[in-house]
Amino acid sequence: MTAAALTAHGLGHAYGDVVALHHLDLEVPPGRIGLVGANGAGKTTLIKVLLGILTPTVGNVQVLGADPAEDLITVRSRIGYMPEGECLPKDQTAADFVSYAAELAGVPPHESRQRASDILTMVGLHEERFRYLGDFSTGMKQRAMLAQAIVHDPEMVFLDEPTAGLDPSGREEMLDLISRLGGFGINVLVSSHVLPDIERTCDWVVMLDGGQVLRNGPLSGLTETGVVELEVVDGAETVAAELRRMGAQVETSGETVTITTTSGDPFVAARDALAATGVPLRRLGARSTTLEDIFLGEAPGDE
């Protein structure tokens, strides 16, 4: 059985009288993980606890099987971190900064320069590697921060709001880079309040609200509804009548028929109804919901 990438048992953290995390219990498998929730939901606090920057008020966590409160050096050596917001030295070149980050993570000095060049090329900054970071655009700065987070070849990387401040083109480029990280064997935790970004890049979702866990599970399991839609050519009511005769519950809207309940496989029912009626099919597929729908439907006070 594959060991969990992240676990939390009764985890809580408070800033004085303000409770940011409320007794979280989590077990998250390796892969690309989305940490989602509105601003103030507790995402950044959880990341800081996982990094060992903050100590839990109660409970404990493990990152790749190690507890940062007890074995911080082991945890830090195996992970990378891309923080939210600009935090780059303006008077350093990208090559110098990323090379220095590699050395801080334990890469030998004679290897760090080449490693920095390779990673900057991977994130699309090869031509700009000798420019000062202070002259970079927002998108270039985000890619430089991603480069420093992965230059030491970590087993896992934490990305806190990696698309913040990016224009549509820069956002697409960053999401493509995040999607590629899994191919290099790097586990990824993406923290974001932009739910479509999580749907685009992740296969597991931890959803927080008010410091509590709303959902924790695979993305496919969260967004699948079990509802099938078929769009036909001039015959929706005929197909719907056949489906009802077969025992299915359906709804119609224009030329779209929605199968909400059936005793068997809804795709088989749709196939048989189309064959029996001879009505031409234009489109057939499963209806899915979005993370935004799930969040708005489950967040306290959003009834």
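Read-outs: derived from the displayed coordinates by stated rules, not from any lab. Not measured: the values here are computed from a predicted model. Counting neighbours? That spans all protein chains shown, and the Cβs are built from the backbone with ideal geometry, glycine included.
Scan region 24-119 for trypsin sites (Lys or Arg not before Pro) in coil per DSSP, keeping those whose Cβ has at most 11 other Cβ atoms within 10 Å, and list them by number. If you can, show how the numbers build up before the last one.
Values: sites: Arg32, Lys43, Lys48, Arg76, Arg78, Lys90, Arg113, Arg115; in loops: Lys90.
Taking region 24-119 and a limit of 11 other Cβ atoms within 10 Å, the loop trypsin sites (Lys or Arg not before Pro) found are Lys90.
The translational diffusion coefficient of region 102-156, from Stokes-Einstein at 20 °C and 1.002 mPa s with a Kirkwood hydrodynamic radius over alpha carbon pairs, comes to 187 µm²/s. As a calculated quantity, the FRET efficiency between Asp17 and Ile73 at R0 = 35 Å, using C-beta atoms, amounts to about 0.60. Placing pseudo-labels 7 Å out from each Cα toward the beta carbon at Thr55 and Ala275 gives an inter-label distance of 6.8 nm. Relative to the longest principal axis of the Cα atoms of the chain, helix 168-181 runs at roughly 80 degrees. Taking packing as the residue-averaged number of other Cβ atoms within 10 angstrom, the listed peptides 194-204, 208-218 run from highest to lowest as 194-204, 208-218. To the nearest ten degrees, helix 236-245 and the longest principal axis of the Cα atoms of the chain are 80 degrees apart. Compactness of the chain is given as radius of gyration and Dmax, 23.8, 75 Å, from Cα positions.
Charge dipole (Cα centre; +1 on Lys/Arg Cβ, -1 on Asp/Glu Cβ; no other charges) of region 6-210 amounts to roughly 220 debye. Straight-line cross-link partners of Lys90 among the lysines, defined as a Cα under 18 Å from its Cα and at least 8 positions apart when in the same chain: Lys141.
Quick check on packing: order 277-285, 62-70 by the mean number of other C-beta atoms within 10 Å, highest mean leading.
My ranking of the peptides, most packed first, is 62-70, 277-285.
Would you calculate a helix-derived [θ] at 222 nm for the chain, using -39,500 (n - 2.57) for each DSSP H run of n ≥ 4 and dividing by the full residue count, to the nearest 500?
Numbers: 11 runs with 110 residues, N = 303.
Taking each H run of at least 4 residues, the total per residue is -10500 deg cm²/dmol.
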